[in-house]
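A short write-up of the structure that comes next.
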Amino acid sequence: MAENTTPFNFDSAALRKKYDYERDKRLNLRPEGEAQFFRMRGSQFEGRLQDPYTEYQERDARSEDVEVAIIGGGFAGLLAAARLIEQGIDDIRIFERGGDFGGTWYWNRYPGAACDVESYIYLPLLEEVGTMPSARYIFAPEILEHCRAIARKYDLYSRALLHTSINEARLDEASSRWIIKSDRGDEIRARFVILASGHYREPKLPGIPGIETFKQHSFHTSRWDYDYTGGSPYEPMEKLKDKVVGIIGTGATAVQCIPHLAKTAKHLFVFQRTPSSIDVRDNRPTDPEWYNSLKPGWHQERMRNFVLAVRGMTPVDLIQDGWTKFGKLIMQNVRPDMAEKQIEELMQLIDFRMMEDIRARIDTIITDRDTAEALKPWYNWLCKRPCYHDEYLDVFNQPNVTLVDTDGKGVERISEDAVFANGQEYKVDCLVFATGFELSPYEKGTPIPVIGRGDRTLEDKWEHGASTLHGIHVHDFPNFMLSGTRQGSWENNFPFAQEVVATHIAAIIRKAMDRGADTVEVTADAEQEWVNIHRQRSQRNLAMWRDCTPSYFNQEGRADERVILNGTFGGSALEFEEILIQWRADGLPGLVMAEKEA
Ligand code: NDP
């Protein structure tokens with residue numbers, strides 16, 4: 001243990017009081033919770049979700065049999081396909097709603113979009129594909145290109161049906177096959193299905209009064225309209241030079257695109273309800289000599305190191321960025337003789353320290369005192385996605401940028417050509433909605449209708465919250481596997497958690513095929529056992545989310561049992577992986593592999 005050098009020279013009680021005050025204020029101002037938002041799909045804004053990037057090609061409907069159907073071509077789907085192919089399972093069909101692979105990186109092309117975790121650990125399958133990211137934190141087009149490179153490397157284009165949305169997956173009990181129907185008229189019979197439809201599936205808009213009356217230009221960040229703004233992810237948006245732009249939202253997406261809007265917009269109004277935490281980014285180009293000197297196996301080692309370093313579980317910190325700073329503070333301050341309660345208190349002190357530093361940094365950058373105060377976040381570090389940016393704060397010193405802080409209230413209403421906040425009218429030519437996405441695990445039901453034994457839907461089964469084994473298998477839904485985070489694992493470096501699951505699922509399917517099993521199904525008892533473990537392990541999450549300022553993480557401040565049951569397993573991805581490996585070594589207890597009846 002290193003010498004304790006961290007100054008906890010702040011008034012913890014006063015900070016706690018301030019955090020509670022800011023949270024309660026927001027809770028009182030938004031009694032409608034998650035209902036304050038609406039899904040673009042199915043609303044009058046649905047047309048704006050059309051794919052602006054790839055031309056839609058007519059094709060004949062498919063009717064075919066496959067071994068494995070993967071729903072989703074983002075990181076989770078790519079990883080599942082890659083790991084299956086490595087296991088020698090190549091009779092795969094991938095369905096993807098977008099016109100190419102990439103998932104979130106296909107849709108999100110707003111200026112400044114970049115990975116917020118180091119690219120050397122964020123990008124999956126780096127060694128397998130042989131990609132060298134050009135920088136520590138790379139921009140979206142390069143991430144999308146890596147997704148395409150994965151698809152080429154594993155020959156996934158020939159196995160993909162792009163621009164294809166699944167309407168339902170239904171179990172045919174007689175043949176033990178899943179019948180998958182798409183919006184293209186496809187009917188695919190699959191032995192196994194992997195649902196890899198992602199974490200943030202649906203862009204959402206705020207139900208601000210008058211939003212539907214706005215007649216000037218507007219779009220959601222996940223469908224950036226470069227025709228209107230000019231420019232590209234790499235080029236300035238010249239067409240905004242004579243435009244007054246408003247942006248609603250200051251989450252992780254807005255933080256990345258605001259500096260780009262501020263570069264060219266005649267004027268930019270940033271409508272803020274709650275500020276994000278902004279720490280140092282310190283991006284730099286990759287040193288090819290260093291990258292090429294890395295020894296085989298480095299990628300796994302680095303990803304795994306991050307999981308430990310961010311939690312202060314190793315003195316070795318290969319990444320050394322704003323994320324692992326937290327772990328470093330733990331290493332410096334935790335003592336082996338500390339009781340659990342003391343550790344909990346220490347964690348809170350460390351969190352206060354992190355956020356105090358983040359707030360102090362604002363004072364060193366922002367020249368106007370009121371603006372500086374308004375930009376300060378008052379909540380625990382992980383209550384919202386922490387942001388890292390070296391230009392974001394500076395833009396609020398620019399004369400063409402106005403921060404319209406609404407003190408937790410948000411925008412009051414929208415008219416044909418203006419946004420109203422704090423009783424004032426702000427006329428705008430263009431309005432950007434950086435208002436986020438629905439978190440699929442918390443959605444009621446499932447992203448697509450899934451109909452299992454006895455015609456029972458997964459939505460019906462999960463009416464009061466999910467129940468699974470490992471977040472993967474569901475009783476009464478044989479051969480259907482989920483690669484999501486409900487009752488599974490989560491990491492700040494999310495792709496690593498996805499990789500753990502993908503590797504495991506591929507191993508299970510391999511085993512089933514080797515044993516000549518026709519169906520793989522968890523027993524009701526084994527499922528319940530995992531739900532109990534999960535519930536017990538994630539109990540402390542509930543308390544944490546209840547303390548937090550409202551966000552999509554905690555059901556907009558109304559965290560209930562759903563946050564537990566549909567949320568993530570309390571441990572790290574490494575711990576989760578150990579559980580899965582041990583379970584496989586123990587012979588998959590609770591999973592029934594049945595041969596086809598003669
Ligand atoms: P978020 O849900 O995080 O942010 C939505 C924003 O809209 C919040 O600032 C919210 O304020 C604001 N808002 C909503 N309604 C109103 C209103 N009526 N008036 C004013 N403001 C309003 O969405 P993002 O798209 O920013 O981020 C979603 C997630 O995507 C992130 O959490 C992150 O996990 C991921 N992401 C990852 C990136 C990466 O890896 N590089 C980059 C970008 C995003 P309030 O906070 O008060 O609710």
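Given Lys215/Lys263; Lys376/Lys461; Lys263/Lys376; Lys153/Lys263; Lys328/Lys461; Lys384/Lys461, which pairs have Cα atoms separated by over 32 Å?
On the way: Lys215/Lys263 25 Å; Lys376/Lys461 43 Å; Lys263/Lys376 23 Å; Lys153/Lys263 38 Å; Lys328/Lys461 43 Å; Lys384/Lys461 30 Å.
Flagged as over cut-off: Lys376/Lys461; Lys153/Lys263; Lys328/Lys461.
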Bin width 10 Å, origin at 0, all Cα-Cα pairs of segment 163-220: what percent of pairs per bin?
17, 32, 20, 19, 11, 2
Please report, as a whole percent, how much of the solvent-accessible surface of the chain comes from carbon and sulfur atoms (probe radius 1.4 Å).
49 percent
How big is the Cα convex hull of segment 23-93 in projection, averaged over all directions, in nm²?
9.4 nm²
So what is the calculated 222 nm ellipticity per residue for the chain, using -39500 (n - 2.57) for each DSSP H run with n of 4 or more, over all residues, to the nearest 500 deg cm²/dmol?
-10000 deg cm²/dmol
Once Phe420, Phe306 are ranked on solvent-accessible area with the largest value leading and a 1.4 Å probe, the list reads Phe420, Phe306
Residue by residue, what Karplus-based ³J(HN,Hα) values in Hz, rounded to whole numbers, does segment 489-497 have, using 6.51, -1.76 and 1.60 with θ = phi - 60° and x for Gly and Pro?
9, 9, 9, 4, 8, 4, x, 5, 4
Report the longest stretch of the chain that contains none of the GluC sites (Glu not before Pro) sitting in a DSSP loop with at most 13 other Cβ atoms within 10 Å.
174-415
Angle between the chain longest axis and helix 324-333 axis [Cα atoms, degrees, rounded to 10]:
80 degrees
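Filter the chymotrypsin sites (Phe, Trp or Tyr not before Pro) in segment 196-249 to those in DSSP coil with at most 16 other Cβ atoms within 10 Å of their Cβ, and list the result. Walk me through the numbers on the way to the answer.
Numbers: sites: Tyr200, Phe214, Phe219, Trp224, Tyr226, Tyr228, Tyr234; in loops: Phe214, Trp224, Tyr234.
Here the sparse-neighbourhood loop sites are Tyr234.
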Are there trypsin sites (Lys or Arg not before Pro) in segment 285-373 that DSSP puts in a loop and that have at most 10 other Cβ atoms within 10 Å, and which ones?
none
Just to make sure I understand: if all protein chains stay in place, what is the order of Met132, Met313 by accessible area at 1.4 Å, largest first?
Met313, Met132
Among Trp530, Gly570, Gly587, flag the residue with its Cα farthest along the positive direction of the charge dipole of segment 524-598, charges on Cβ as +1 for Lys/Arg and -1 for Asp/Glu.
Gly570
With N residues in segment 66-175, what two-decimal value do you get for its Cα radius of gyration over 2.2 N^0.38 Å?
1.13
In degrees, nearest ten, helix 140-153 long axis to first principal axis of the chain (Cα):
10 degrees
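At 1.4 Å probe size, with every protein chain present, just tell me what the per residue accessible area of segment 268-316 comes to in Å².
On the way: 2350 Å² over 49 residues.
Heavy-atom SASA per residue in segment 268-316 reads 48 Å².
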What is the extension gain from Tyr21 to Asp370, computed as 0.36 nm multiplied by their sequence separation minus the C-alpha to C-alpha distance, in nm to one decimal?
123.7 nm
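Compute and list, largest first, the equivalent-ellipsoid semi-axes of the chain from the alpha carbon gyration tensor, each √(5λ) rounded to a whole angstrom.
On the way: eigenvalues 291, 176, 116 Å².
Those come to 38, 30, 24 Å.
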Please give, to one decimal in nm, the separation of the simple spin-label points placed at Ala594 and Arg189, each 7 Å out from Cα toward the Cβ.
1.8 nm
Hey, can you grab everything whose amide H is under 5 Å from the amide H of Asp186? Only 5+ residues off in sequence or another chain; H modelled, so Pro and N-termini drop out.
Arg62
DSSP-loop trypsin sites (Lys or Arg not before Pro) across segment 228-281, with at most 13 other Cβ within 10 angstrom
Lys241, Lys266
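Which percent, to the nearest 5, of DSSP beta bridges fully inside the chain are antiparallel?
Values: 30 of 69 bridges.
Percentage antiparallel, nearest 5: 45.
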Gap in Å between the Cα centre of segment 444-494 and the Cα centre of segment 223-259?
37 Å
Convert each backbone phi in segment 97-102 into a coupling constant with the Karplus relation 6.51 cos²θ - 1.76 cosθ + 1.60 (shift: θ = phi - 60°), then list the ³J(HN,Hα) values in order as whole Hz, x for Gly and Pro.
5, x, x, 7, 6, x
Amide H contacts of Val428 (H built 1.01 Å from N, under 5 Å, at least 5 apart or other chain):
Ala418, Val419
Of Ala506, Phe480, Phe494, which is farthest along the charge dipole of segment 431-515 in the positive direction, counting Lys and Arg as +1 and Asp and Glu as -1 at C-beta?
Ala506
Only Lys, Arg (+1) and Asp, Glu (-1) charged, at Cβ; segment 134-293 dipole about Cα centre in debye
160 debye
Tell me the angle of helix 12-29 to the major Cα principal axis of the chain, expressed in degrees between 0 and 90 and rounded to the nearest ten.
80 degrees
Normalised by the empirical 2.2 N^0.38 Å for globular proteins, what value does the Cα Rg of segment 265-397 take?
1.27
Report the Cys residues of the chain lacking a disulfide-compatible partner, meaning no second Cys Cβ under 4.7 Å from their Cβ.
Cys115, Cys147, Cys257, Cys387, Cys430
Cα convex hull volume per residue for segment 331-454 (Å³)
238 Å³
Here, Tyr157 and Asn400, labelled 7 Å along Cα→Cβ, have an inter-label distance in nm of 3.9 nm
Expected unfolding gain across Ser175-Trp290 under the 0.36 nm per residue rule, minus the alpha-carbon gap, is 36.0 nm
Partner lysines whose C-alpha sits under 24 Å from that of Lys511, ignoring same-chain residues fewer than 8 away, are Lys596
Whole-Hz Karplus couplings 3J(HN,Hα) for segment 406-415, θ = phi - 60° and coefficients 6.51, -1.76, 1.60, Gly and Pro as x, run 9, 6, x, 7, x, 5, 7, 7, 10, 10
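Hey, what's the per residue convex hull volume over the C-alpha atoms of segment 350-400, in cubic angstrom? Please list the in-between numbers first.
Details: hull volume 4.2 nm³, N = 51.
Hull volume normalised by residue count: 82 Å³.
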Inter-label distance, nm, simple model (7 Å from Cα along the C-beta direction), Asp460/Glu212
3.3 nm
Calculated P(r) of segment 184-336 - Cα pairs past 25 Å, %
59 percent
Translational diffusion of segment 462-526, µm² s⁻¹ [Kirkwood Rh, Cα pairs; Stokes-Einstein; 20 °C; 1.002 mPa s]:
170 µm²/s
Give, in nm to one decimal, the length gained when the segment between Glu416 and Arg510 is fully stretched (0.36 nm per residue of separation minus the Cα-Cα distance).
28.1 nm
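The values are calculated or read from the model by the stated rules, or taken from the named source; none is laboratory data. All values derive from a computational prediction rather than experimental measurement. Methodologically, a virtual Cβ is constructed for each residue, glycine included, from the backbone with ideal geometry; neighbour enumeration extends over all protein chains shown. All accessible areas refer to the heavy atoms of the entire protein, side chains included, with ligands and DNA or RNA removed. Shrake-Rupley method; radii C 1.70, N 1.55, O 1.52, S 1.80 Å.
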